[in-house]
1. Scanning chain A for GluC sites (Glu not before Pro) in DSSP loops with at most 10 other Cβ atoms within 10 Å, what's the longest stretch left with none?
2. Hey, what do the phi angles of the range B:43-52 turn into as Karplus ³J(HN,Hα) couplings, whole Hz, using 6.51/-1.76/1.60 and θ = phi - 60°, x for Gly and Pro?
3. Once A and B are treated as a pair rather than alone, how much accessible area drops out, both sides summed, in Å² to 100, probe 1.4 Å?
4. Once you order the gyration tensor axes a ≥ b ≥ c over the Cα atoms, which shape class does chain A get: rounded for a/c under 1.5, otherwise prolate or oblate by comparing a/b with b/c?
5. Just to be sure I understand: if I project the alpha-carbon convex hull of the range A:56-137 onto a plane and average over all orientations, what area do I get in nm²?
6. How fast does the range A:144-228 diffuse by Stokes-Einstein, in µm²/s, taking the Kirkwood radius from C-alpha pairs at 25 °C and 0.890 mPa s?
7. Using protein chains only (no ligands, no nucleic acids) and a 1.4 Å probe, work out which residues of the range A:179-216 have their accessible area cut by at least 20 Å² relative to the chain alone.
8. Over the range A:16-166, what percent of the accessible surface lies on carbon and sulfur atoms, probe 1.4 Å?
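The values are calculated or read from the model by the stated rules, or taken from the named source; none is laboratory data. A quick note: this is a predicted structure, and the numbers were derived from the prediction, not measured. Counting neighbours? That spans all protein chains shown, and the Cβs are built from the backbone with ideal geometry, glycine included. Each accessible area value is taken on the protein alone, full model and side chains, heavy atoms only, with ligands, DNA and RNA left out. Shrake-Rupley method; radii C 1.70, N 1.55, O 1.52, S 1.80 Å.
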Amino acid sequence: MKHVGLGLVLISMTACSRTEIAPETSIPQNELQSGYAFLTAETQALQDDAFENPGFLWVDRGERLFQSVASTEPSCLTCHENGLDGVAASFPKLDPETGELINLEGRINACRTRHQGLPPLAYESEDLLSLTAYIAHQSNGDPISVDVSGDAAPYYELGLDYFITRRGQFNLSCQQCHTENWGKQLRGDTISQGHGNGFPAYRLEWQSLGSLQRRLRDCDTGVRAEPLPYGDPTYVAVELFLAARAQGLEAESPAVRR
Amino acid sequence: MRLVQLIGALVLASCTEPQSRLVTPAQIVGDAIPSPLTETAGSVPAGLSVFTDRETGHCVLCHQVAGLATEFQGNVGPDLSDVAARLSAGQIRLRIADYQIVRPGTLMPSYYRNHDLYQVAEAFQDDPVLSAQEVEDLVAYLSSLRIEDDDG
């Protein structure tokens, strides 16, 4: 965390100023709405129908991977025989072993390297998406609930900072679209409140399931900013900030999105 | 020393800091840029295509103009159907070039600016979003927009 803090100070000391938009980032609890609320009726129906929702292909595949045994190592099921109900709704969280913030993908990879003698899976690989989807789906309907106190607080601040900072050739912040202009039209897209509660989600544009970080990279690319690499600690911190901002909203992965 | 170099590299990587500004303070009068940015006068049809074309201005992402054939025009920004009745050419020019000069918090992107930007993707670091001529074409097009009076 120290390094990240130092980096921020350095960047903000330079002549090239990063403009932050006043942090009225929170949306009142009674106005919180999932991205689902901004979809067309047809897309909502596609998400609601477990037989039609393409995201369930990954959930089913994840279930098989969860149970399968690689060589002599334990399967995920060996350690989690009662499943992982509600667990995904509390991610990202601090990894007790390293003290660093990890998201669900990071936790899955930590289990692989520490307990299964397996290499970590790459972001957006079919296996990682499948396992993430299977675990995330077990939190469906549970309220998002992350801890941002204590050692998690600096990560929250980092995520907040990313959210309110203008970037890219279009010089826009997440905040400007998702807090100040949700409900309005960007051509055919209705801007939602920008919550991560549906992820991993099946995007029609991707023709695939994708992680929340893939969505963040798309938003950064949309303002012609250089997206961060997959797994970048700053994106994990943004995930934490987004979850805290969506506190109480129900998790709904695998969602279907445009 | 090594650390200093590293920091320098980081700073360069994350900022675009050109030698001179595309729009200088001397060009700005109040909330307008009264003089055109180019010698060649703007063209209304060219401006119309910059306004709608996804590869150039794509202003319809956020704005609407009544009677335009483009479907799904956005409404994040104000309706521009009669913008010429409200704003002079110079005011329109400043709002397209760099409205953030006069309204720092505005959502309206700056299309003719390359100073003080942050984390710009490599492919876009050298040039502003639009050329000076494209801005002039847009000014010509928008300056032609007035809602026709029913009686007249």
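1. A:98-204
2. Going residue by residue, I get 10, 4, x, 5, x, 4, 6, 4, 5, 9 Hz, with x marking Gly and Pro.
3. What A and B bury together is about 2800 Å².
4. oblate
5. 5.2
6. Here the translational diffusion coefficient equals 173 µm²/s.
7. The answer is A:Asn181, A:Lys184, A:Gln185, A:Leu186, A:Arg187, A:Gly188.
8. 52
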